[in-house]
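Comments concern the structure below.
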Amino acid sequence: MVKEKKAKTRKKVSYAKWGYIFLIPFFATYSIFSLIPLINTFYNSLFENYRSGLTHIGPNFVGFQNYISIFQSDLLKYFGNTMILWVIGFIPQIIISLILAVWFADFRMKLRGSAFFKTIIYMPNVIMAASFAMLIFALFSDNGPMNNLLMKAGMSDEPIRFLATVWGTRGLIGLMNFMMWFGNTTILLMAAIMGVDASLFEAASIDGAKSLQIFTKVTMPIIRPIFVYVLITSMIGGLQMFDVPQVLTNAQGTPDRTSMTLIMFLNNHLYSKNYGMAGALSVILFIITAVLSLFVFFILTNSGDKKGGR
C-alpha cells in the first residue's frame, strides 16, 4: 500500500510552472520594448538636453523644470484640440458601426452580399493614413473636384476654402478618422453581437419586445465589455492622433494651431532635438491616457453593474 501511494505521488505532475514559462516571452518582450523605454523616457525628462544651432546643450539635470515648462505652454489647448478631433470622428463612427453590426449579425434579415459589404467597409482601414490624407487634401483643395462640383451645381459662386476655416479643417480630419476606423469597429461589435445566445433574442421577441427594446435591454448589456474595449482603444488612438492632421495641415496645425494635436506638439520637440521636453510631454501623455482609460472603464462598468443589480 505504501509503495502504491509513493508511485502515485511520483506520477503526479504539476503543470502550473508551464504557465509561467509560457508567459516569459511576453514579459521579456514587454520589458525590452515598453517598460525599459518608458523608464528611460522618464529619466531623460528630468534633464535639459537640446540642440541650439550647432551647439548641443546638456544633458544637465533640471528636475521637474521641463514639466513646468510644458504646463506653461499651450498644452491644454492642444489637448482640447485632440479631444475635439477625436469626438468629431468617433460619434458618427460608433453610431453607424452599431447599426451595421446589428444588421450584419441579424440572421432574420438575411442580407445578401454581406461578406462583400464587410470587405468594402473594412478596406479604408488598410490604406495608409498619409495617403488617405493626401487624397482628401486633393479632393477638398481650393481648385479640387469638390469645389468644381459645387460650383457647377450652382451651390457656390466661388471656391470654398475648406482648409482655411477652423471647423472645415476639423471636419475633414474627423471625416477621415471616421472612414478609416468605422470598418474595424463594425467588425468588433458584430463579433460581439454574434456571440450572444440567439435564444435570448427569441425569448425577448416572444415576450413582445420591440427591436429597439431588444437592442437596449438585451444586446447592449451583454456586449458591454466589448463596447468598453472599443471606446477605450478608440480614445487611446485619438490621443495618439498624428499622421492625418500632420499631412493635411502640413505639420502646422492650421488655422491658428486649432488642429494641432498632442503628438504633433511632441513631434515638434523631437524635430528640434529637445529631448528633455519631448520626454516630459511623453510622460504627461502617458499619464493622461492611463487616467482617462481607467475613468472610462470604471464609469461604464459600474453603471452596468448598477443596472444589472436593479
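What helices does the chain have that are whole DSSP H segments, at least 18 Å long along their own axis by Cα, and with mean Kyte-Doolittle hydropathy of 0.5 or more?
On the way: long enough: 16-30 (22 Å, 0.98); 75-105 (43 Å, 1.77); 166-194 (41 Å, 1.19); 224-239 (22 Å, 1.53); 275-309 (50 Å, 1.32).
Those that clear 18 Å and a mean of 0.5 are 16-30, 75-105, 166-194, 224-239, 275-309.
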### Query
For the chain, modelled as a Gaussian network with Cα springs under 10 Å, which listed residue fluctuates most, T165, T82, T261?
T165
### Summary
Taking the convex hull of the alpha-carbon atoms of the chain and averaging its shadow over every direction gives an area in square nanometres of 28.9
### Summary
Expressed per residue, the solvent accessible area of the stretch 116-269 in Å² (1.4 Å probe) is about 53
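So, with a 1.4 angstrom probe, what is the percent of accessible area on the chain that is carbon and sulfur? Walk me through the intermediate numbers first.
Details: 13250 of 19600 Å².
Its accessible area is 68 percent carbon and sulfur atoms.
Mind checking the alpha-carbon convex hull of the stretch 25-156 and giving the volume per residue in Å³?
Details: hull volume 36.2 nm³, N = 132.
Per-residue hull volume (Cα only) is 275 Å³.
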### Query
To the nearest 10 square angstrom, what accessible area does D256 show with a 1.4 Å probe?
110
### Stretchable slack from R51 to L35, in nm (0.36 nm times residue separation minus alpha-carbon distance)
3.1 nm
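Quick check: with the 1.4 Å probe, what order do F61, F215 take by accessible area, largest first?
Numbers: F61 140, F215 50 Å².
Final ranking, largest accessible area leading: F61, F215.
Rank F137, F201 by accessible area, highest first, at a 1.4 Å probe radius?
Details: F137 85, F201 45 Å².
Largest to smallest exposure gives the sequence F137, F201.
Sort Y43, Y122 from largest to smallest accessible area, using a 1.4 Å probe on the heavy atoms of the protein chains. Numbers along the way, then the final one.
Values: Y43 125, Y122 85 Å².
Solvent-accessible surface, decreasing: Y43, Y122.
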### Computed over the stretch 78-212: relative contact order in percent, which uses C-alpha pairs under 8 Å that are six or more apart
43
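The values are calculated or read from the model by the stated rules, or taken from the named source; none is laboratory data. Keep in mind it's a predicted model, so treat the numbers as computed, not measured. The protein model used for the area step is the full one, side chains on, heavy atoms only, and it has no ligands, DNA or RNA in it. Shrake-Rupley method; radii C 1.70, N 1.55, O 1.52, S 1.80 Å.
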